[in-house]
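Asks: Have a look at the structure that comes next, please.
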Amino acid sequence: MIDYIIVGSGLAGIAFAETALQNNKSVFVFDNQSHNSSSVAAGLYNPVILKRFSGLQFALEHLEIMNQLYDGIEQKLNRQFRFPMPLLRRFASVEEQNNWFQASDNPLMKPFLSTNLKSEQFAGLSSPFGFGEVNHTGYVLTKELLVSYRSFLQEIDSYSNEMFDYDVLQLNASHVTYKTISARHIVFAEGFGIHANPFFRYLPLNGTKGELLIIHASDLKLDQLVNAGVFFIPLGNGFFKVGATYNWSDKTETISDEGKAELVKRISEVLECDFKVVEQFAGVRPTTRDRKPIIGKNARFHNMYVLNGLGTRGVMLAPAMAKHLYDLIETGEPLPKDIDIARFSDSYPSQDGI
């Protein structure tokens, strides 16, 4: 008997696995990686909504939990995945500069928005109105993190690269059994794959397709994170990760000409140098109608839980949401109401939910 079966090894799944392991619990993870939004994610973490210069609720708390969890993974795997780095927000007008100063006066925003505007110029990037600097930001090499963590789980005989068969799952009063593995609890962290899950597919996970590019621009002398309508992540040697699009109707993970054209247009509007598209990626983010995570216990099966709906901020939210769920299971600490799946009780099927 182990403690947890976890279905899904994206950011949510590995965050819960690592949280459990750090608390001396045993886990086994199933995932065939059929939904890869975490693998193709940009990896940025940022506590500010840059369109409105407003903060995210509990941002400092979430950042602290995030840093602790990724620090633990890096020490365990002896490799760096997280790169703290200020994010520069390019201003498009004097009005945006004024809005920035107004927002920085808000006590909740003081830890994040610097009042010292950056006037430095970067060759190849148009910036006539300068930049605002956001603190407590950076990026995570998400694909490398996920691949390395799955390898670690395989080494400790706690991972299977297979599609989970819901029909094989046996539910008992005190535990669950899947094939030869019995566990006290099962956690589904499948991202957009939740739509195939008979126990939780009633949840309103909409999904938002996002596409991003790897470009090469040898004349773009940029060594910092920049948001200029699109974000730029410097990868070295003139390569940059750039994104992203938001498509609420297309639920496929196939790259599109439309997505590429949109990004090329937006890049061209801010760059003053030539660039070449090297690679294109697409994934469906697990987003919800109220833009909040969906976490909690199945209404019928008390050993069954869901960890999903992290949307565009999975890097930053996954560790904190995993901790919320772990504390619910192990200590009975109630979930914040705005992330608890109980808020969707009106959508729960009248039959068994399966």
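Asks: What are the residues in region 215-236 that are under 27 Å from Val48 (Cα atoms), in contact (Cβ under 8 Å) with a residue 40 or more places away in the chain, open to solvent by 20 Å² or more (accessible area, probe 1.4 Å) and assigned to a strand (DSSP E or B), if any?
Replies: Listed by number, the residues that qualify are Asn227, Phe231.
Asks: Can you tell me which residue in region 103-137 is nearest to Ala17 (Cα to Cα), limited to those that are in a strand (DSSP E or B) and out of contact with any helix residue (DSSP H, G or I) (no Cβ under 7 Å at 6 or more places or on another chain)?
Replies: Looking only at region 103-137, we keep the residues that are in a strand (DSSP E or B), and these are 113, 118, 125, 131-134.
Then keep just the ones that are out of contact with any helix residue (DSSP H, G or I) (no Cβ under 7 Å at 6 or more places or on another chain); that gives 118, 131, 133-134.
Values: Lys118: 40, Phe131: 39, Glu133: 34, Val134: 31 Å.
Restricting to residues being in a strand (DSSP E or B) and out of contact with any helix residue (DSSP H, G or I) (no Cβ under 7 Å at 6 or more places or on another chain), the top hit is Val134.
Asks: In addition: Within region 146-169, identify whether any single residue is in contact with a Pro (Cβ under 7 Å, 6 or more places away or on another chain) and surrounded by fewer than 20 Cβ atoms within 10 Å (Cβ to Cβ), and answer yes or no.
Replies: Here is the first cut: in region 146-169, the residues in contact with a Pro (Cβ under 7 Å, 6 or more places away or on another chain) are 166.
So of that shortlist, the ones also surrounded by fewer than 20 Cβ atoms within 10 Å (Cβ to Cβ) come out as 166.
Scanning region 146-169 turns up at least one residue that is in contact with a Pro (Cβ under 7 Å, 6 or more places away or on another chain) and surrounded by fewer than 20 Cβ atoms within 10 Å (Cβ to Cβ).
Asks: Also, I was wondering about something else. Counting only residues that are open to solvent by 80 Å² or more (accessible area, probe 1.4 Å) and either in contact with an Asp or Glu (Cβ under 7 Å, 6 or more places away or on another chain) or not in a helix (DSSP H, G or I) (or both), how many does region 45-78 have?
Replies: The qualifying residues number 5.
The values are calculated or read from the model by the stated rules, or taken from the named source; none is laboratory data. A quick note: this is a predicted structure, and the numbers were derived from the prediction, not measured. Cβ sites come from the backbone with ideal geometry, for glycine too, and all protein chains shown count toward neighbours. Ligands, DNA and RNA are excluded from the accessible area calculation, which covers all protein heavy atoms including side chains. Shrake-Rupley method; radii C 1.70, N 1.55, O 1.52, S 1.80 Å.
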